[in-house]
Every structure is written in C-alpha cells, then in structure tokens.
1. Could you list all residues from the range 290-322 that are acidic (Asp, Glu) and not assigned by TED's automatic domain parsing to the domain that holds Ala278?
2. Quick one: is Asp394 assigned to a helix (DSSP H, G or I), surrounded by fewer than 20 Cβ atoms within 10 Å (Cβ to Cβ) and either touching a residue at least 24 places away in the same chain (Cβ under 8 Å) or of a type in the set (Lys, Arg) (or both)?
3. So, Thr162, is that one touching a strand residue (DSSP E or B) at 6+ places or on another chain (Cβ under 7 Å) and surrounded by 15 or more Cβ atoms within 10 Å (Cβ to Cβ) or not?
4. Where residues in the range 172-207 are under 20 Å from the mean Cα position of the chain (by Cα) and among the hydroxyl-bearing types (Ser, Thr, Tyr), which of them is farthest from Glu265 (Cα to Cα)?
5. Any residue in the range 400-414 that is touching a residue at least 12 places away in the same chain (Cβ under 8 Å) sitting within a Cβ distance under 7 Å of a residue that is of a type in the set (A, V, I, L, M) and part of a loop (DSSP other than H, G, I, E, B)? List the pairs, counting only those 6 or more apart or interchain.
6. Name every residue in the range 58-89 that is among the β-branched types (Val, Ile, Thr) and either within 18 Å of Ile116 (Cβ to Cβ) or surrounded by 18 or more Cβ atoms within 10 Å (Cβ to Cβ) (or both), in order of residue number.
7. Starting from residues that are more than 14 Å from Asp35 (Cα to Cα) and in a strand (DSSP E or B), keep the ones in the range 151-171 and report whichever is nearest to the chain's Cα centre (by Cα).
8. Evaluate the range 363-373: report whether one residue or more is hydrophobic (A, V, I, L, M, F, W, C) and farther than 24 Å from Phe416 by Cβ.
Amino acid sequence: MTTAPTSADAAPTASHSYLPRSGTDDFSVLSYDLDLSYKVTTNRLDATAVIRGRANVPLAAISLDLVHLRAKRVRLDGDKRTRFTQSPTHVRVKAARPIAAGDEFTVEIAYDGSPIPRRTRWGTLGWEELSDGVIVASQPSGAPTWFPCNDRPSDKAAYRITITTEQPYTVLATGELAQHTVSGGRGTWTFERTEPTASYLAAVHIGRYVLEPRRTDGVEWVIAYPPALARRVLADFAPVGRMIECFQERFGPYPFPSYTVVVTEDPLEIPLESQGMATFGSSHVDGRGGSERLIAHELAHQWFGNSVGVASWSDIWLNEGFACYAEWIWSECSGGPSANTLARTHHAGLRLKPKDLVLGDPGVDSMFDDRVYKRGACLLHALRRRLGDETFFDLLRGWSAARRFGTASSRDFEAFAAGFSDEPLDAFFDAWLRETRLPSLSE
C-alpha cells in the first residue's frame, strides 16, 4: 500500500522539467487579488496578495514563488497564527492541519520591498524601473518579482489588481479598468481579468502616457504612449485595426474584451505580449513601419499563447511558431509577400543553421531560439499545403475555439489536427517535432 504524496515530497513532473523550481502541480490557483501601493520616485512597494487555491494532492504546506521581496505577514484561511518560512525564491506556508485534495484554501500575504528584475539565462525578467515609470516583462519566470504566485504556465487564474501610485502617472495592468479614483495626490486604479491567465502574462505598466482609444471589427483597443512619440507611434500602429480584421477572419473572434498597446519612452530590446496587452519600446517605433511584423506577432499571441496557453515550456512552439506564422499571414493579408514566399525564404535559412534542435522539446536553453519560431511557422505552412487553405483555416479557428482560455500540448494539437486530415499525420508531426532533420515543405 502506498500513500498519496504531499507537497513536501512530490517530485517535479516531467512536463515541468525546464523550470522545475518554478511553481508546483500540487495545487491550482483560482484567483489572485493583488493590492499594490507603489512610489515611482523611490521604487518602494507595499502590497498584499490574497490567493485562493484548490489542493490537487493532500497538502502539509503551500509553496509560492516570491523573489527579492519580503513577506511580512501570512495568514492561511484567516488564521493569524499561520507559520511560514522564506527562502530567496519561495514562501512556504505551513498548514495547521493537512489540506485534503480537492479542498479550497485562501492565503493572504503582506509583503514589501524594492522590486527588481531577476537574473536568468534569458536576461533580466520581471518588474523593471524605467527612466520615469515601470514595466513588467515576465516571460517565462519573472512574475515572482512583484507578487507571490504559482509560477507555472499551466496554472491559469482570475486576477484583480489594484495599484496606487503618484497622481501624474497612468497605470495600465492586466484586465479591464473597473475603477479609478484620486485622493491626496495619489491615483488608485483597479483592473479585473476574469479570463484565466498564466502568472507570466500578468503585467503592470506605470508611466506618463497618452491614451488613444480605437474600435475595429467589434474589438476595443487602445494605444498608450509618451506624448513626445505621438507621430511615430500613430504612424506605426495604424495597421493594428486591419490586423485585427485579418486575424479574426483566420483565427476566430478576438478572445478578450479589449487590447492595449503600450509604447515606453525607454528603448526595449524586444517587444513582449501579456494578457490582452503588448509592450513595445521607443526603439520599436520609427514612423516608417519598421516593426510591423513584430506588431502582428504580438497581436497574434492573444490567440496563440495567451488564450490558448502552453501546458509546459517544452511546448513553446505552439506560442512562437503560431505567432511567427501570423506575421506571414499578415504579410499576404496586407499585400506583401505571400506566406508561401516567406516560408520558402525562411526554410532556406533554416537549412543553413545547425540541425541540432528538436522543435517539440528544444531544451531550456533553446526555448527562445529563432529556429523554434521559424521551424514552427514552417511546420504550419507545410500543414497548410497538405490540408488546403479552407481546411487549414478551419483547423486554426477550431483550435482557438476548442482550447479557448485553456492550455495545450503538442500532442493535443496533433490529435486535433488529425480530425481535419483524410490521411494520417503521425509521420508528418514526428518529422517536424521529434527529429532534428529539417523536412521539406512538401513532405
């Protein structure tokens, strides 16, 4: 006879081997209620997180990711005597009595500090000060730099985020704006997101922004930007409305209530998506459309990566391959080179690169290798050639609908795609996802 594992002795599952110390499968978070008081001038954060979860196995303790910030007070289900310990990367909350599998619990953590990004193999991630404001860019493991969380892409939850900061600043965060008040020279902004959201896709942006609201094809969207960049921003993001129309036709309805584009005054190395939002730096706006493919890429992530999330980081091609292919779809939508032309060009480029990457399991060091993006996009184009345009786009629309607000693995997509093909696709997917050899676009 064996006993059910507890949180203290459960081993990381194979599906989370890339970042085994980030998050746990022992419980699922149902909602985060974050109340943040922040001073831009001093980079001081005082906050409270109320986290409602459900045990998946019997729990003796609850472990949450938290980096560079100090937990001051912790309560489990309202118990003022709750004991906890903190390491540089986690807060461990001890249960007074075991929590049975299936039972719900609520953890309240008061914490404070001066948030900074965490250093990772992919660079610095998380909460980051700008020259006059803040951005959050968390993919894949930066979320714990600003709130305690179960930092796994497969654990999606609802969010309520309240931020109080100096009155001159505009706050943008994950969710729809529910309330904005001003008192004593400080503004308080509350955002609510009911659609399940992975922790790495939760974001906060603080800056001196102008907000330019738009509506296209039934989708509310807004551009937030520094006034000094107005001309360049408005020129470069003019195609977003047409991108929304193009993608809704090919991928299905836009999955969230609205879309927000944030452009910072500071230059950023790369743009990044978050739930219902995308962030670009001043380095991405030139007034001549120089970042148009990136703008399409980040918008496409709202369908592929944000609404349909990855079950584990080894499935990252489902995010990046799809968003890269969306760049090619936008190109042909807007009268540029066809997806076929771009697929052939990038396939030729892949032939010149090392043949040591397995797309379906690229390894933690190669998660964001450009070959994941381009090979994933080429896979989709090869699949389009096999199925034909009508069936292929039926597949994409069906996939985004069937997995809406959920997560998926490569195997899930393979099984779903099989229902749209008259011939078996096993050998096709094995060649593209599990072999290092680069298949031809017609295989």
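1. Applying the first criterion (acidic (Asp, Glu)) to the range 290-322 yields 292, 298, 315, 320.
If the condition is that a residue be acidic (Asp, Glu) and not assigned by TED's automatic domain parsing to the domain that holds Ala278, then Asp315, Glu320 are the ones that fit.
2. Working: assigned to a helix (DSSP H, G or I): yes; surrounded by fewer than 20 Cβ atoms within 10 Å (Cβ to Cβ): yes; either touching a residue at least 24 places away in the same chain (Cβ under 8 Å) or of a type in the set (Lys, Arg) (or both): yes.
In short, yes.
3. Numbers: touching a strand residue (DSSP E or B) at 6+ places or on another chain (Cβ under 7 Å): yes; surrounded by 15 or more Cβ atoms within 10 Å (Cβ to Cβ): yes.
Considered against the rule, which asks whether it is touching a strand residue (DSSP E or B) at 6+ places or on another chain (Cβ under 7 Å) and surrounded by 15 or more Cβ atoms within 10 Å (Cβ to Cβ), Thr162 comes out as yes.
4. Quick first cut of the range 172-207, residues under 20 Å from the mean Cα position of the chain (by Cα) only: 172-177, 191-206.
Now restrict to residues that are among the hydroxyl-bearing types (Ser, Thr, Tyr): 174, 194, 197, 199-200.
Numbers: Thr174: 20, Thr194: 30, Thr197: 27, Ser199: 25, Tyr200: 23 Å.
Only one residue fits best here, namely Thr194.
5. Close Cβ pairs satisfying both conditions: Thr407/Ala311; Ala408/Ala311; Ser409/Ala311; Glu414/Leu425.
6. From the range 58-89, those among the β-branched types (Val, Ile, Thr) are 62, 67, 74, 82, 85, 89; that's our starting set.
Once the filter is applied, which keeps residues that are among the β-branched types (Val, Ile, Thr) and either within 18 Å of Ile116 (Cβ to Cβ) or surrounded by 18 or more Cβ atoms within 10 Å (Cβ to Cβ) (or both), the range 58-89 yields Ile62, Val67, Val74, Thr82, Thr89.
7. Step one: list which residues in the range 151-171 are more than 14 Å from Asp35 (Cα to Cα), which gives 151-158, 166-170.
Retained after the next criterion (residues that are in a strand (DSSP E or B)): 156-158, 166, 170.
On the way: Lys156: 10, Ala157: 12, Ala158: 14, Glu166: 28, Thr170: 22 Å.
Ranking the qualifying residues of the range 151-171, first place goes to Lys156.
8. Of the residues in the range 363-373, the ones hydrophobic (A, V, I, L, M, F, W, C) are 364, 367-368, 372.
Adding the requirement that they be farther than 24 Å from Phe416 by Cβ leaves 364, 368.
Looking through the range 363-373, at least one residue is hydrophobic (A, V, I, L, M, F, W, C) and farther than 24 Å from Phe416 by Cβ.
The values are calculated or read from the model by the stated rules, or taken from the named source; none is laboratory data. No experiment lies behind these values; they were computed from the predicted model shown. Positions of Cβ are backbone-derived with ideal geometry, glycine not excepted, and every protein chain shown enters the neighbour counts.
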